[in-house]
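**Student:** Below is one structure. I have some questions about it.
The values are calculated or read from the model by the stated rules, or taken from the named source; none is laboratory data. Just so we're clear, the structure is a prediction, and the values are computed from it rather than from any experiment. Cβ atoms come from the backbone with ideal geometry, glycine included; neighbour counts cover every protein chain shown. When the accessible area is computed, the model is the full protein with side chains, heavy atoms only, and any ligands, DNA or RNA have been set aside. Shrake-Rupley method; radii C 1.70, N 1.55, O 1.52, S 1.80 Å.
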Amino acid sequence: MGSYTNLKFTGTGNFNGSTGYTSIQANSIGTITIRPNAPKPIKAKVNISLNPGFQEGTLSVEGFFNDFTIKATFVHYINKNN
């Protein structure tokens, strides 16, 4: 028995990097599939807090989990000058 959840952000997230920490709050919509059932639509608020350097932080998805520790396996920085 397994499940699969696919969420996409809707609207614009709020970013605050003035302290070196970045926080993102946004609504999301998507689907959840709990086998053997068909996918069902879901909505959830998503909160992400990233420590300076973007290597670690926490992830919360309303109705699923709070303050789940996340760690970067790869960080891609975009250079707008290229």
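**Student:** Which net charge results when you count Lys and Arg as +1 and Asp and Glu as -1 among the other residues whose beta-carbon is under 14 Å from that of Ser28? Mind dumping the intermediate values first?
**Tutor:** On the way: positive: Lys8, Lys43, Lys45; negative: Glu62.
It works out to a net charge of +2.
**Student:** Now for a different question. What's the Kirkwood radius of the chain in Å, using all Cα pairs?
**Tutor:** Values: mean 1/r = 0.0692 Å⁻¹.
Radius from the Kirkwood sum: 14.4 Å.
**Student:** What residue among Ile24, Ile34, Ile42 has the largest mean-square fluctuation in a Gaussian network model of the chain, using Cα springs under 10 Å?
**Tutor:** Judging by the Gaussian network model, the answer is Ile34.
**Student:** Okay, next question. Under 19 Å from the Cα of Lys43, which lysines turn up, not counting those fewer than eight places away in the same chain?
**Tutor:** Result set, ordered by chain and number: Lys8.
**Student:** Same structure again: Just name one of Ile42, Phe68, Thr12: the one whose Cα is farthest towards the positive end of the charge dipole of the chain (beta-carbon charges, Lys/Arg +1, Asp/Glu -1).
**Tutor:** Ile42
**Student:** Using the heavy atoms of the protein chains alone and a 1.4 angstrom probe, what is the accessible area of the chain per residue in square angstrom?
**Tutor:** Working: 6510 Å² over 82 residues.
Each residue of the chain exposes 79 Å² on average to a 1.4 Å probe.
**Student:** Additional query: Dipole size in debye (nearest 20) for the chain around its Cα centre, Lys and Arg Cβ +1, Asp and Glu Cβ -1?
**Tutor:** Working: 7 positive and 3 negative charges, 60 e Å.
With Lys and Arg at +1 and Asp and Glu at -1, about 280 debye.
**Student:** May I ask you to compute the full-extension gain from Ser23 to Phe74, defined as 0.36 nm times their residue separation minus their alpha-carbon distance, rounded to one decimal in nm?
**Tutor:** Working it through step by step, the gained length comes to 16.5 nm.
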